[in-house]
1. Quick one: count up the residues across the stretch 75-111 that are under 9 Å from the mean Cα position of the chain (by Cα) and touching a residue at least 24 places away in the same chain (Cβ under 8 Å).
2. Is there a residue being within 18 Å of the chain's Cα centre (by Cα) and in a helix (DSSP H, G or I) anywhere in the stretch 59-74?
3. Between residues in the stretch 33-45 that are without any contact (Cβ under 8 Å) to a residue 60 or more places away in the chain and of a type outside the set (K, R) and residues that are assigned to a strand (DSSP E or B) and surrounded by 10 or more Cβ atoms within 10 Å (Cβ to Cβ), which pairs lie under 8 Å by C-beta distance while being six or more apart or on different chains?
4. Can you tell me which residue in the stretch 27-52 is farthest from V89 (Cα to Cα), limited to those that are among the aromatic types (F, W, Y) and not in a helix (DSSP H, G or I)?
5. Quick check, is S11 at pLDDT 75 or above and surrounded by 10 or more Cβ atoms within 10 Å (Cβ to Cβ)?
6. Against the definition (surrounded by 12 or more Cβ atoms within 10 Å (Cβ to Cβ) and at pLDDT 95 or above), how does L47 come out, yes or no?
7. Quick test of your reading of the structure: N33 fulfils all but one of (1) surrounded by 11 or more Cβ atoms within 10 Å (Cβ to Cβ); (2) under 17 Å from the mean Cα position of the chain (by Cα); (3) modelled with pLDDT of 70 or more. Name the failing condition by number.
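The values are calculated or read from the model by the stated rules, or taken from the named source; none is laboratory data. As the structure is a computational prediction, the values presented were derived from the model and not from experiment. Glycine also receives a Cβ, built like all others from the backbone with ideal geometry; neighbour counts cover every protein chain displayed.
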Amino acid sequence: MYVNWLDFATSCTQDAISHTLSLMRTNRIWRDNDGKVVLWQMPNIWLAVWLVAVLAGFFISKGKLASVIHWIGSGALIIWALLEIFRGVNYFRRALGTVVLLVTVASIIKTGL
């Protein structure tokens, strides 16, 4: 029986590379470029603005000021979502940004511009 070792080695190497790339893609769901699992990070300024707007909305619920607070909060959340979509450290964060953006835009459309 004749075995072409070069073909065998090439096949094994291609399988190993394919497997490694598959693991890397799966790994990128939860991990950043340094290999650390990232699900939660300290909130950035846009999430802080949104949180302050939500808290203010509990106390100020009527009038023009309430409308301004609502738009500031929605705008901050949209900016945060876009930053996560385009600059998120892993695929989970990018998917989270996409979901938040879709829900926020749907909420704006539902309540009226």
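1. The qualifying residues number 6.
2. Filtering the stretch 59-74 for residues within 18 Å of the chain's Cα centre (by Cα) gives 74.
After this cut, where a residue has to be in a helix (DSSP H, G or I) as well, the list is 74.
Within the stretch 59-74, one or more residues are within 18 Å of the chain's Cα centre (by Cα) and in a helix (DSSP H, G or I).
3. V37/R31; V38/R31
4. At the first step, the residues of the stretch 27-52 found to be among the aromatic types (F, W, Y) are 30, 40, 46, 50.
Going one step further and asking which of them are not in a helix (DSSP H, G or I), we end up with 30, 40.
Details: W30: 9, W40: 11 Å.
Per the criteria, the residue is W40.
5. On the way: at pLDDT 75 or above: no; surrounded by 10 or more Cβ atoms within 10 Å (Cβ to Cβ): yes.
Against the criterion (at pLDDT 75 or above and surrounded by 10 or more Cβ atoms within 10 Å (Cβ to Cβ)), S11 does not qualify.
6. On the way: surrounded by 12 or more Cβ atoms within 10 Å (Cβ to Cβ): yes; at pLDDT 95 or above: no.
When the stated conditions are applied, L47 does not pass them.
7. Answer for N33: the failing condition is (1).
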